[in-house]
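Shown next, in structure tokens, is the structure this report addresses.
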Amino acid sequence: MMMKYYDNSIIVGIDQTIFAQGVKVPVKVDFSSVPHLLIVAPSGSGKTYLLTYILGQIAKKSVKLILADFKGIDFIEFNGCPNYYKHNSIGEALDLVFAELQNRMETASVNSEYAPIYFCIDEWSGFLSSLPVKKEQDSYKQKLANILMLGRGVGIFIIISLQRADSTYITGRDNFGNVLGLGTLSKESISMVFNDNKEMIEPKSRGKGYLQTDGKPLREIVVPMLRNINDTKAVIKTALSR
């Protein structure tokens, strides 16, 4: 029996250097080979628009999409969808994904086929900061680190957005194969996620930034325009209701 092929490549932007010459060249990340994506984007940099663009692509694939939105504002139209979690229910969503990781690890075999799961967490740092007990924070950070380390092998992929990169919130930063920074990043964020190329990072306007993928040169990107954002959100809503 042939193994089912899942396309885990996602367009995250357009190459800005080539775009300046009037040519649109999509910049893709392939989670099958380089898993997980960390997005660092301060307020006003276009993070929600970028996430909508990415989620719209994932929603069209034969995968399971789970969205955890701490603020519960930017994606409020998804209220009521079974796979949409907000505020402190992010912890519930993480527990479910972690349990699925354990299940897949225990039942994996040579012929195992797992439909990919994409778990997107918006404002992860806000969720952790809301937890009053450090032990609880550390527990969730460790679960996330385990998913980052082991998820690729069983088709579980993480997308996390933060306004500011800080080691306080991320355990296992090196397990993010793809890092994308939008807008004007703080010195701390640059040092944490783009340390090897920090001299090259300059402030960017809304919707523009940098992508670093393991083993590849730093690329400047522009977030593409959505033809119809309402149509895209409708597709996402359907995926979150599956």
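Quick notes on this one:
Yes or no, residue by residue, for (1) under 21 Å from ASN146 (Cβ atoms); (2) among the aliphatic types (A, V, I, L, M); (3) assigned to a strand (DSSP E or B):
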| position | (1), (2), (3) |
| --- | --- |
| TYR49 | no, no, no |
| THR52 | no, no, no |
| ASP74 | no, no, no |
| SER89 | yes, no, no |
| LEU96 | yes, yes, no |
| GLU106 | yes, no, no |
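- Identity of the residue in the stretch 58-99, among the polar types (S, T, N, Q) and closer than 19 Å to TYR114 by Cα, that ends up least open to solvent (accessible area, probe 1.4 Å): ASN83
- Pairs, first under 13 Å from PHE119 (Cα atoms) in the stretch 141-161, second among the charged types (D, E, K, R) and open to solvent by less than 10 Å² (accessible area, probe 1.4 Å), C-beta under 6 Å, six or more apart: SER161/ASP122
- Qualifying strands (runs of 3 or more DSSP E) (wholly inside the stretch 163-224; at least 2 residues being out of contact with any helix residue (DSSP H, G or I) (no Cβ under 6 Å at 6 or more places or on another chain), farther than 26 Å from SER130 by Cα and without any contact (Cβ under 8 Å) to a residue 40 or more places away in the chain): 208-213
- Restricting VAL40, VAL34 to those that are under 21 Å from ILE156 (Cβ atoms) and in contact with a Ser or Thr (Cβ under 9 Å, 6 or more places away or on another chain) reduces the list to VAL34.
- For the stretch 8-25, a tally of residues being open to solvent by 70 Å² or more (accessible area, probe 1.4 Å) and touching a residue at least 40 places away in the same chain (Cβ under 8 Å) returns 3.
Residues are listed down the side, and each one gets a yes or a no for (1) part of a loop (DSSP other than H, G, I, E, B); (2) open to solvent by less than 40 Å² (accessible area, probe 1.4 Å); (3) under 21 Å from ASP69 (Cβ atoms):
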residue	(1), (2), (3)
LEU128	no, yes, yes
GLN137	no, no, yes
MET149	no, no, no
ILE159	no, yes, yes
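- Unique match (being more than 17 Å from the chain's Cα centre (by Cα) and hydroxyl-bearing (Ser, Thr, Tyr)) among SER205, SER189: SER205
- Against the test of being more than 18 Å from the chain's Cα centre (by Cα) and either open to solvent by 40 Å² or more (accessible area, probe 1.4 Å) or closer than 20 Å to LYS237 by Cβ (or both), the options THR107, THR48 yield a single qualifying residue, THR107.
- Residues in the stretch 3-20 include at least one that is assigned to a loop (DSSP other than H, G, I, E, B), over 14 Å from the mean Cα position of the chain (by Cα) and closer than 21 Å to THR238 by Cα.
- Within the set THR168, THR213, THR238, THR184, the sole residue that is under 27 Å from TYR6 (Cβ atoms), surrounded by fewer than 20 Cβ atoms within 10 Å (Cβ to Cβ) and hydroxyl-bearing (Ser, Thr, Tyr) turns out to be THR238.
- Test: residue in the stretch 53-69 that is out of contact with any strand residue (DSSP E or B) (no Cβ under 9 Å at 6 or more places or on another chain), of a type outside the set (S, T, N, Q) and under 13 Å from PRO224 (Cα atoms): yes
The values are calculated or read from the model by the stated rules, or taken from the named source; none is laboratory data. Source: prediction; values computed, not measured. So basically every Cβ, Gly included, is an ideal-geometry build from the backbone, and we count neighbours across all protein chains shown. Note: accessible area is taken over every heavy atom of the protein model, side chains too, but ligands, DNA and RNA are not part of it. Shrake-Rupley method; radii C 1.70, N 1.55, O 1.52, S 1.80 Å.
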